[in-house]
Number of protein chains: 2
Amino acid sequence: MASIPELEEIRRNQILEAALSTIAETGAAHVTMDDIAQAAGLSKGGLIHYYRSKNELFQATFKELFERIFELSRESMAQHSDPMEKILAFDFLYDLENPYTRQGYPLLFDSMALAAREPDYQAMFDAWVDRWIELLTGAIRQGIADGSFVEMDPDPLARTISAIYHGIAIRWYLAPRSHSSEWAVNSFRTAIGGAMAPYRKKTGQDAEKGQGTGNTLMEMNRNPAA
Amino acid sequence: MASIPELEEIRRNQILEAALSTIAETGAAHVTMDDIAQAAGLSKGGLIHYYRSKNELFQATFKELFERIFELSRESMAQHSDPMEKILAFDFLYDLENPYTRQGYPLLFDSMALAAREPDYQAMFDAWVDRWIELLTGAIRQGIADGSFVEMDPDPLARTISAIYHGIAIRWYLAPRSHSSEWAVNSFRTAIGGAMAPYRKKTGQDAEKGQGTGNTLMEMNRNPAA
DNA sequence: CGCCACCGACCAGCCAGTCGGTTTTCCGAC
DNA sequence: GTCGGAAAACCGACTGGCTGGTCGGTGGCG
């Protein structure tokens, strides 16, 4: 067994992994230290050796959660080079197959309930949003530089885009009966396409791309209406 | 004191009122029956006389919450006659002055965390969304009928609009440092205006109205960019 | 006199964190 | 290379506090 100086880090990762899945299953309101310790293959005493209180463990766990979501976002965006495609790269949020999804959403809901009351968690949420915003403002700035978008302050627009993703995610996860993955994808495309429309320059291929990304819901809606 | 047959309803309302404010303050995860009983001016025994278990009380409380939010939405929308204005009538969501806001948001976050795991709460959330959607589809249908909007299935569009409101609300409440009320209002106007753009017919005064509601963020962005 | 609303002491279960103890690992001395 | 001992890692019984729900009781009203 690998040992000595890395042990601490290995254990902490083991514990965080266990905490993430246990809290996702049981809910932050009901998990016990014992649950997490057992899931990590430790006793309660062993767990406490690494995280001295439940609160300490929780904060580390949610920090890890935000870290992971951010990392996924960064990677998804990095797969594109066109600024508009970068902005629309977050469809992994609406993928049921993704195991991170099943784990991430319950945790995210817990983290928001915590953030609504506890300043520490609010600060974490705030910081996570800001990192997400940085990704988006980066893409927007790139679009301004290459002439796809007009000159503007990218920050409020990035926050709008991010909020749209988030709002659709909530509906998609909490009310799947009436909000399919297809709806979610079409929905964020139209909404974000629409919010960006005033800032996009029509330069031939861009205009075409705009139609393709901006009007999917329109096609979806071409069914006979009531 | 009014008495006898109305007593039960009076007490139940008293208790729900107390539950709403106590849970909003303390959080669903930490309130105790005693807390709620005291806030309602009863003993724990008295409380249990009306709601036999914590779960029963919680469900009734969150049902009441959704009822109230819906009622506010309905009233806000009813103050407008133009369909596009109806759709944009929910700016009360971003009003810090409104005491319902301070109470409603924490409860809403709790309800979502519950809905992420408990089917009963998920069903409540789902039903609440559907009622909201009915309001919006009503407005959209009106717009189709009077020629403001093109023919379409209003349901997915209404869900997109509703999700945009929700997403912006979350950011506005949980990260107020970087998401002002002004941002929230401008944001939902651009995003919803953008999402609706493909369906709006330009009929003179409507086109003008469309500019006014759809481009507020654009003006906001006219500050010097980085 | 009986019923209904209400009270609050009590019980039983749960759980975070403590603590005394055991095992494992490491390292220097021989 | 091995032995001793100290420190670190880990264990799990235990405690103290909390809380949901029970239950025997009380007062008031009809």
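The table that follows gives values for the structure above.
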item: Test for B:Gly138: is it open to solvent by 20 Å² or more (accessible area, probe 1.4 Å) and at pLDDT 95 or above; result: yes
item: Test set (1) assigned by TED's automatic domain parsing to the domain that holds A:Glu8; (2) β-branched (Val, Ile, Thr); (3) open to solvent by less than 10 Å² (accessible area, probe 1.4 Å) - A:Ile87 fails condition number; result: (1)
item: Qualifying positions in region B:40-59 - away from chain A (no Cβ under 14 Å), within 13 Å of DNA strand D (Cβ to nearest atom) and either of a type in the set (Lys, Arg) or open to solvent by 30 Å² or more (accessible area, probe 1.4 Å) (or both); result: B:Leu42, B:Ser43, B:Lys44, B:Gly45, B:Ile48, B:His49, B:Tyr50, B:Arg52, B:Ser53, B:Glu56, B:Gln59
item: Tabulated pairs, region A:88-106, first within 14 Å of chain B (Cβ to nearest Cβ), second open to solvent by less than 70 Å² (accessible area, probe 1.4 Å) and aromatic (Phe, Trp, Tyr), C-beta under 7 angstrom, 6+ apart or interchain; result: A:Phe90/A:Tyr165; A:Leu93/A:Tyr165; A:Tyr94/A:Trp172; A:Tyr105/A:Tyr173
item: Subset tally (residues that are farther than 21 Å from A:Ser178 by Cα and either touching a Cys at 6+ places or on another chain (Cβ under 8 Å) or in a helix (DSSP H, G or I) (or both)) for region B:136-154; result: 4
item: All helices (runs of 4 or more DSSP H) inside region A:1-91 with 2 or more residues being within 30 Å of A:Ala163 (Cα to Cα) and away from DNA strand C (no atom under 11 Å from the Cβ); result: A:7-26, A:54-78, A:83-87
item: B:Ala127 being closer than 27 Å to A:Ala115 by Cα, surrounded by fewer than 17 Cβ atoms within 10 Å (Cβ to Cβ) and either outside the structural domain of B:Glu67 (by TED's automatic domain parsing) or aliphatic (A, V, I, L, M) (or both); result: yes
item: Close pairs from region A:42-53: first among the aromatic types (Phe, Trp, Tyr), partner within 6 Å of DNA strand D (Cβ to nearest atom), Cβ under 8 Å, at least 6 apart; result: A:Tyr50/A:Glu8; A:Tyr50/A:Arg11
item: Any hit, region A:6-16, residues being hydrophobic (A, V, I, L, M, F, W, C), buried (at least 17 other Cβ atoms within 10 Å of the Cβ) and farther than 30 Å from A:Leu93 by Cα; result: no
item: Residue check, B:Asp34 under 30 Å from A:Ala24 (Cα atoms) and open to solvent by 60 Å² or more (accessible area, probe 1.4 Å); result: yes
item: Single residue of B:Gly214, B:Gly204, B:Gly167 found to be open to solvent by less than 30 Å² (accessible area, probe 1.4 Å), modelled with pLDDT under 95 and either under 19 Å from the mean Cα position of the chain (by Cα) or over 30 Å from B:Phe62 (Cβ atoms) (or both); result: B:Gly214
item: Residues of region A:141-155 that turn out to be within 7 Å of chain B (Cβ to nearest Cβ) and open to solvent by 10 Å² or more (accessible area, probe 1.4 Å), as a count; result: 2
item: Criterion (facing chain B (nearest Cβ under 7 Å), small (Gly, Ala, Ser) and either in contact (Cβ under 8 Å) with a residue 60 or more places away in the chain or outside any helix (DSSP H, G or I) (or both)) met by exactly one of A:Ala163, A:Ala184, A:Ala113; result: A:Ala113
item: Some residue of region A:70-81 being under 19 Å from the mean Cα position of the chain (by Cα), hydroxyl-bearing (Ser, Thr, Tyr) and surrounded by fewer than 18 Cβ atoms within 10 Å (Cβ to Cβ); result: yes
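The values are calculated or read from the model by the stated rules, or taken from the named source; none is laboratory data. Since the model is a prediction, treat every value here as computed from it, not as a measurement. Don't worry about glycine lacking a Cβ; one is built from the backbone with ideal geometry, like all the others, and counts go over all protein chains shown. Just the protein is used for accessible areas: all its heavy atoms, side chains included, with ligands, DNA and RNA removed. Shrake-Rupley method; radii C 1.70, N 1.55, O 1.52, S 1.80 Å.
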